[in-house]
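Enquirer: Take this structure first; my questions come after.
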Amino acid sequence: MTVKIFVSHSSKYRDLAASLKLSLLALESELHLDIRVSEEMAGATDWRQWIDDNVQSADIFLLLYPHAAMEMGWCNYELGRFYVQDSRRPVVCIKNTDIAKPPPAFQPYQAYDADIEGLGKFLKELFATGELTGGRVLNAEINKLSSDFHRRAREVAAELAKHFAQARVREHFYERRLVISLAHLDRERIDREASMVHGNTEGLHLLGLNDAAAVRWSALAAQLGENGSWLEELEQAIATIPTGALPPALSPFRSGSVLYIPLVVKAESADGVLREVVLIFVPTNAERLLPLLGWSFPRGMPDPVKYLLHLVRMMFRARWDILEPRYQEAKFKRPTPERCAELAKLVLDDYDEMQRESEAQGNSGLDRFYASFHRDLRGELSDATDAWLKATADLRDAVDLGPEQLAALLKTLLQNNGHWLNLASRQFMHVVQDMS
């Protein structure tokens, strides 16, 4: 009589699955184990039928979950096929020690941590106590401290724990990673609907994506919006990468207050067609980049002058990065009401983001702000501030925005921005006079 175990795993961890099988077989005694892993499938086998036959006839469904970024599509499919026969059979998950909980579909079931103690508990309940085998004891000796099988079980647990630890080490170097599996309309164009994006939790969350399932290229492009120029650049280069051309230098993008640089670290092709691209996202240190970007100030420049220049930069950014592009779209492209609402939100979000960056650089505070302008300008300064607060409140409170209304609100903010720039230019005159 045998106990049949179906081992569900990602093909990336086939070596771990093979090691697990050999380790378990080395511990069988009174009853035999029949352990099925997909890599042992014979050539020319109908693989869907093989999965159905072996999953539905299994006594135990065992998921190996070494990393939270593991692709779960086929594992979830196999679990679904396991349910078809009898949902009361044991479903077991062995997860790595740095993972808080099993993947969503497996959370209702027993899980073991992949350290020596957790794996030892799994082996004890599989072989000696009958917890996972309906009361059938596979090898009672494993539970006897003086037996050779008990010693062997501890060695097996330690060896498997090393394999799981190695999976953690391999992934540790790619904390923000994205994997794009490409489908093509022809050799020059990708199929945006069929090309799928997945990756590790950190990489997906960085882009605002859910790590529960893969997402389409088209959905990623929509999610990134104006922040997705790097994705467009990658798409343009896809036809040339299989020829041996180096991957393109992709545009940085901002997430929160941090600037990230996307880097292509791996590309796989077959027959001259790119099949998969792997990217990682490297955070930059903005302060160290400023001198390279021409944003450094002379070392001896007084702090009040530096602060005034900082304010002017923010005014320029507000005009040409935040307001002008959205005003042009509202004025001349006749966006839908949904797009108008999105544009309004982008403007407000960008203002908020600019304020957070200013605070992070230590350039916030009303006292410092007003003190940076001559007293003769402070009345106009207060009026400009009130006008800006009212204009942004009107934009935030607007409902059922149409393109004309949105363009009018953005024009008001542009006029307010012009007033700010006028005040800044007059303040520079005061600064120059003080230097004379």
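The values are calculated or read from the model by the stated rules, or taken from the named source; none is laboratory data. Owing to the predicted nature of the structure, the values given are computational and were not obtained by experimental measurement. Here the Cβ is made from the backbone with ideal geometry for all residues, glycine too, and neighbour counts use every protein chain on show.
Enquirer: What are the pairs with Cβ atoms under 7 angstrom where one residue, in segment 26-54, is part of a helix (DSSP H, G or I) and the other, located anywhere, is of a type in the set (Lys, Arg)? Sequence gap at least six, or different chains.
Expert: 39/14; 51/81; 52/81; 54/36
Enquirer: Would you please list the contacts, defined by Cβ atoms under 6 Å and residues six or more apart or on different chains, that run from a residue in segment 400-411 that is closer than 11 Å to residue 344 by Cα and without any contact (Cβ under 8 Å) to a residue 12 or more places away in the chain to a residue that is among the aromatic types (Phe, Trp, Tyr) and part of a helix (DSSP H, G or I)?
Expert: none
Enquirer: For residues that are touching an Asp or Glu at 6+ places or on another chain (Cβ under 7 Å) and not in a helix (DSSP H, G or I), scanning just segment 158-177, find the one that is modelled with the lowest pLDDT.
Expert: Keep residues of segment 158-177 that are touching an Asp or Glu at 6+ places or on another chain (Cβ under 7 Å), which gives 161, 168, 175-176.
Remaining after also requiring not in a helix (DSSP H, G or I): 175-176.
On the way: 175: 69, 176: 85.
Among them, the one singled out is 175.
Enquirer: Still on this structure, please answer the following. Can you confirm whether residue 199 is surrounded by 18 or more Cβ atoms within 10 Å (Cβ to Cβ) and closer than 30 Å to residue 105 by Cβ?
Expert: Details: surrounded by 18 or more Cβ atoms within 10 Å (Cβ to Cβ): yes; closer than 30 Å to residue 105 by Cβ: yes.
Against the criterion (surrounded by 18 or more Cβ atoms within 10 Å (Cβ to Cβ) and closer than 30 Å to residue 105 by Cβ), residue 199 qualifies.
Enquirer: Within segment 1-30, track down each residue that is of a type in the set (Val, Ile, Thr) and under 15 Å from residue 130 (Cα atoms).
Expert: Selection gives 2, 3, 5.
Enquirer: Further, regarding this structure: Tally the residues that are over 15 Å from residue 65 (Cα atoms) and either buried (at least 19 other Cβ atoms within 10 Å of the Cβ) or more than 31 Å from the chain's Cα centre (by Cα) (or both), restricting the search to segment 108-137.
Expert: 18
Enquirer: Considering each of 357, 342 in turn, give the residue that is assigned to a helix (DSSP H, G or I), of a type in the set (D, E, K, R) and modelled with pLDDT under 90.
Expert: From the options 357, 342, the qualifying one is 357.
Enquirer: Could I ask something else about it? What pairs come up if the first residue lies in segment 198-212 and is aliphatic (A, V, I, L, M), the second is in a helix (DSSP H, G or I), and their beta carbons are under 8 Å apart, counting only those six or more places apart or on different chains?
Expert: Matching pairs, first to second residue: 207/220; 207/223; 207/224; 209/220; 209/223; 212/104.
Enquirer: Within segment 27-48, can one find any residue that is on the phi > 0 side of the Ramachandran plot and not aromatic (Phe, Trp, Tyr)? First the steps, then the outcome.
Expert: First, pick out the residues of segment 27-48 that are on the phi > 0 side of the Ramachandran plot: 44.
Imposing the further condition that a residue be not aromatic (Phe, Trp, Tyr) reduces the set to 44.
Yes: one or more hits.
Enquirer: Can you name the residue in segment 378-436 that is polar (S, T, N, Q) and touching a Leu at 6+ places or on another chain (Cβ under 8 Å) and is also nearest to residue 338 (Cα to Cα) among such residues?
Expert: Among them, the one singled out is 392.
Enquirer: Moving on. Output the number of residues of segment 376-401 satisfying the condition of being exposed (fewer than 11 other Cβ atoms within 10 Å of the Cβ), of a type in the set (Gly, Ala, Ser) and not in a helix (DSSP H, G or I).
Expert: 0
Enquirer: One residue is enough: does segment 80-87 have a residue meeting the conditions β-branched (Val, Ile, Thr), out of contact with any Phe, Trp or Tyr (no Cβ under 7 Å at 6 or more places or on another chain) and surrounded by 20 or more Cβ atoms within 10 Å (Cβ to Cβ)?
Expert: There is no residue in segment 80-87 that is β-branched (Val, Ile, Thr), out of contact with any Phe, Trp or Tyr (no Cβ under 7 Å at 6 or more places or on another chain) and surrounded by 20 or more Cβ atoms within 10 Å (Cβ to Cβ).
Enquirer: While we're looking at this one, here's another question. Going through 287, 233, 276 one at a time, which residue ends up being modelled with pLDDT of 90 or more, out of contact with any helix residue (DSSP H, G or I) (no Cβ under 8 Å at 6 or more places or on another chain) and outside any strand (DSSP E or B)?
Expert: It is 233.
Enquirer: Within segment 102-158, restricting attention to residues that are aliphatic (A, V, I, L, M) and in contact with a Lys or Arg (Cβ under 7 Å, 6 or more places away or on another chain), which residue is nearest to residue 26 (Cα to Cα)? Break it down into steps so the answer makes sense when it comes.
Expert: Let us first name the residues in segment 102-158 that are aliphatic (A, V, I, L, M), namely 105, 111, 114, 116, 119, 123, 126, 128, 132, 137-138, 140, 142, 145, 153, 156-158.
Narrowing further to those that are in contact with a Lys or Arg (Cβ under 7 Å, 6 or more places away or on another chain): 111, 114, 142.
On the way: 111: 23, 114: 19, 142: 12 Å.
Looking at residues that are aliphatic (A, V, I, L, M) and in contact with a Lys or Arg (Cβ under 7 Å, 6 or more places away or on another chain), I get 142.
Enquirer: Among the numbered conditions (1) buried (at least 16 other Cβ atoms within 10 Å of the Cβ); (2) more than 20 Å from residue 419 (Cβ to Cβ), tell me where residue 314 comes up short.
Expert: So residue 314 meets the others, but not (2).
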